[in-house]
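One structure is given here, and the rest of the page talks about it.
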Amino acid sequence: MMIKEWARIGFLDLIRFLNLHDLLTSVTTMKYKEIKMTPNKKDFQTNKVIELDAVVVGAGFSGLYMLYRLREAGFSTRVYEAGDGVGGVWYWNRYPGARCDSESIYYNYTFSEELLQEWTWSTRYPEQPEILRYLNYVADKFDLRRDIQLATRITAASFNETTNRWEVDMDDGTSVSAKYFISAVGCLSAANVPNIAGLETFEGEWYHTGNWPIEEEVSFKGKRVGVIGTGSSGVQSIPVIAQEAEQLTVFQRTPQYSSPARNHPYSEEFLKQTKENYTEIKKQMRESLRGIPTDRRDRSALDDTPEERRRVFEAAWNKGGFWYLNATYNDLMVNEAANETVAEFVRSKIRETVHDPAVAKKLMPTYYYATKRPISDTNYYETYNRENVVLVDIKKTPIQEITAKGLKTVEAEHELDLLVFATGYDAMTGSLFKMDIHGKDGLSLKEKWEEGANTKTYLGITTVGFPNFFMITGPESPSVLTNMPVSIEQHVEWIADCIEYLRGHGIDKIEASEAAEKAWSHHCKEVADTTLYANSESWYTASNIESKRKPTGFLIYLGGVGHYRKICDEVADKGYEGFTLTRREKNVSRQ
Ligand code: N01
């Protein structure tokens with residue numbers, strides 16, 4: 001099936017076909033009761049129960065905008081953030097070489113024309129400190145900090161069926177009550193340090209890329225450094241570490257498809273043109289497949305001759321960034337033979353770049369292109385030509401243990417002073433599971449999603465059994481396969497509009513219907529099953545986490561940003577089709 005055909009799959013038709021209309025918007029009456037809080041549901045400093053309209057978890061891209069939208073609409077809202085500063089993943093990911101692989105002019109909020117005009121990015125692919133500065137600028141510009149509580153982790157949240165409110169507990173012992181509980185935890189924020197025997201005996205320093213020290217400067221100078229993992233974080237950090245370390249040993253389990261980012265400063269003229277055209281750029285981003293206005297050629301890779309194909313791939317390679325390579329043909333992810341053409345193109349580049357043929361061979365992936373997230377790099381493959389860099393294939397010679405002096409594979413012991421875990425995240429659900437979330441009848445989110453979240457959400461925003469709970473970029477939404485700020489803005493706006501609708505219609509409780517959830521999950525799976533992504537062995541399917549090794553299926557909706565937006569809008573236009581809305585008898589609004 002061609003990608004353009006995905007757009008024809010009508011989710012709402014499916015709902016109609018399954019006769020879900022009768023289940024929709026079943027309005028029951030229920031007397032709104034006074035909130036009864038257990039004694040510990042208090043702020044211990046003031047000894048008062050804090051009652052809010054909404055609690056938002058996390059102060060990254062999602063949490064900041066959610067706060068802004070809800071506050072603008074007059075809802076009392078508080079954001080809780082575990083970090084000491086705003087920024088979410090951009091606060092924690094301070095590893096060397098950390099930068100964004102979406103182009104900066106697209107990787108920003110678009111909701112404020114003033115902000116678009118005021119902020120100027122320095123380079124095409126911005127580094128972590130610049131993105132963090134941007135998010136801090138946003139927090140200040142919109143006066144968001146007064147409603148953000150930093151250094152506070154939400155540990156638990158439970159839905160009180162008598163009050164139809166969430167009771168939310170923090171790690172400082174305080175609790176609040178909120179009508180709406182909104183997750184803005186991000187998809188990739190629960191760091192995964194694999195359970196390798198002996199780590200506690202290691203006498204050197206060790207760090208995870210996603211939890212890089214904040215105050216302390218990590219120096220690689222004169223050190224023997226090991227990096228485990230060659231995903232985006234490994235591929236970005238390896239070339240930078242190699243320049244400083246005395247010796248760098250890379251422990252690679254699976255090679256990656258990576259293309260050069262070709263990062264560069266923006267010219268003043270380009271930035272001026274961009275700012276003048278943001279209205280059109282924004283429209284293209286919102287209607288696109290992946291949230292970036294790249295023109296995906298509506299042509300099969302197999303319709304071109306090998307020479308013509310090579311020319312097309314070369315042009316994309318030279319433009320820089322994997323998004324361009326992905327956009328070369330419309331069937332790279334749905335046709336094995338087409339996929340092999342781009343896979344072989346990248347392998348040919350590795351062959352050309354890496355001097356030692358044995359090392360080049362180790363670096364060549366053999367799985368379908370982009371079924372692990374592709375990467376944009378700066379001098380990644382070139383780094384293996386350096387004399388101080390060694391590549392160890394730990395699929396062939398697995399890691400046995402970490403010792404006091406370094407890391408032992410079945411073949412050799414590698415002495416190390418510093419070890420970097422670039423081993424990724426418990427993605428999509430890991431951060432949600434860090435909180436003990438309970439819905440109706442005490443149902444725990446962890447238990448509900450024990451076998452994978454991929455079969456149990458409605459629109460990737462809500463899940464049955466957890467009323468008044470919303471997830472920004474949750475499992476089964478387009479999220480991480482798109483330019484994130486675009487998907488984040490769409491979710492935040494949809495959730496804010498929904499909450500305003502509930503207030504306007506005197507509705508106390510919103511919950512997805514089982515039938516709608518089933519239909520949505522079925523739709524997500526049927527779209528994924530038409531693609532090569534269904535074969536993915538990566539965090540896309542949670543197969544990187546030992547405890548989740550059971551195949552969970554694909555966790556992301558592949559229908560595309562524009563198409564997904566239409567579905568969500570149609571659901572809202574039809575009075576929140578697929579949801580059960582419970583009206584309160586008396587209009588005792590707390591909002
Ligand atoms: O993590 P990953 P990441 N023993 O899961 C290996 C986003 N991101 O932090 O492939 C040995 O991709 C694992 O091997 P394998 C982006 O979406 C964006 O790099 O499972 N090795 C793999 O090589 C990205 O996709 C930016 O066989 C082990 C690596 O560790 C996502 O975050 C920058 C292992 C993990 O790769 C995650 O990227 C950075 C073990 N036990 C990240 N366990 C931007 O540019 C895992 N590995 C925006």
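What follows is calculated from the coordinates using simple rules that are stated; it is not laboratory data. This structure is a prediction, so every number in the text was calculated from the model and none was measured. With ideal geometry, Cβ positions are generated from the backbone for all residues, glycine too; neighbour counts draw on all protein chains shown.
Indicate the gyration tensor shape class of the range 159-200 (rounded, prolate or oblate), computed on the Cα atoms with a ≥ b ≥ c the square roots of the eigenvalues: a/c under 1.5 is rounded; otherwise a/b larger than b/c is prolate and the rest oblate.
Taking the square roots of the gyration eigenvalues as a ≥ b ≥ c, the range 159-200 is prolate.
Can you list the residues of the range 66-99 with backbone N under 19 Å from a point 7 Å past the Cα of Ser219, pointing along Cα to Cβ?
Those under the cut-off are 95-97.
Measure nothing fancy, just the Cα-based angle from helix 278-287's long axis to the longest principal axis of the chain, in degrees from 0 to 90, nearest 10.
Tilt relative to the chain: about 90 degrees.
To the nearest Å, what is the center-to-center distance of the range 86-100 and the range 224-278, using C-alpha atoms only?
Each part's Cα centre sits 13 Å from the other's.
Note the angle between two axes, namely the Cα long axis of helix 484-504 and the longest principal axis of the Cα atoms of the chain, as a number of degrees from 0 to 90, rounded to the nearest 10.
Helix 484-504 and the main axis of the chain meet at about 0 degrees.
Mind listing the phi-derived Karplus ³J(HN,Hα) values for the range 371-380, rounded to whole Hz, using 6.51, -1.76 and 1.60 with θ = phi - 60°, and x for any glycine or proline?
7, 9, 4, x, 10, 10, 10, 10, 6, 5
To the nearest 0.05, what FRET efficiency results for Ala358 and Thr123 with a Förster distance of 41 Å applied to their C-beta separation? If you can, show how the numbers build up before the last one.
Numbers: r = 35 Å, r/R0 = 0.86.
Step by step, r from the Cβ atoms, then E = 0.70.
Per residue, how big is the convex hull of the range 210-259 when only Cα atoms are used? Give it in Å³.
Expressed per residue, the convex hull around the Cα atoms of the range 210-259 is 84 Å³.
Using only Cα atoms, locate the centre of the range 395-415 and the centre of the range 145-204, then give the distance between them in Å, rounded to an integer.
Rounded to whole Å, the Cα centres lie 35 Å apart.
Under a crude label model (7 Å from the Cα following the beta-carbon direction), how far is Arg297 from Thr162 in nanometres?
If labels sit at Arg297 and Thr162, their model points lie 6.6 nm apart.
Bin width 5 Å, alpha-carbon pairs only: give the P(r) of the range 346-432 as whole percents, running from 0 to the bin holding the largest distance.
Bin by bin from 0 Å, the calculated values are 3, 10, 16, 19, 20, 17, 10, 3, 1.
Quick one: which of 223-236, 529-542 comes out on top by average Cβ neighbours within 10 Å, and what's the full order, highest first?
Result, highest mean first: 223-236, 529-542.
Report, to the nearest 10°, how far helix 336-353 tilts away from the longest principal axis of the Cα atoms in the chain, using its own Cα long axis and a range of 0 to 90°.
50
Given 0.36 nm per residue, what is the gain on full extension from Arg146 to Lys395 after removing their alpha carbon distance, in nm?
Going from the current span to full extension adds 84.7 nm.
Kindly provide the GluC sites (Glu not before Pro) of the range 165-208 that DSSP labels as loop, not H, G, I, E or B, and whose Cβ sees at most 15 other Cβ atoms within 10 Å.
Sites meeting the loop and neighbour criteria: Glu203.
Once amide H atoms are placed 1.01 Å from N in the peptide plane, what residues at a sequence separation of 5 or more from Thr423, or on another chain, have their amide H within under 5 Å of its amide H?
For Thr423, whose amide H was placed from the backbone, the distant partners under 5 Å are Thr209.
What three numbers, in Å, describe the spread of the alpha carbons of the chain along their principal axes, ordered from the longest?
76, 57, 49
What is the ratio of the Cα radius of gyration of the range 394-542 to 2.2 N^0.38 Å, with N the residue count, to two decimals?
1.38
Return one quarter of the surface area of the convex hull spanned by the alpha-carbon atoms of the range 67-137, equal to its mean projected area, in nm².
Average of the hull's projected areas for the range 67-137 equals 5.5 nm².
Three principal axis extents, largest first, for the C-alpha atoms of the range 77-184, in Å?
Each principal axis gives a Cα extent; for the range 77-184 these are 52, 32, 22 Å.
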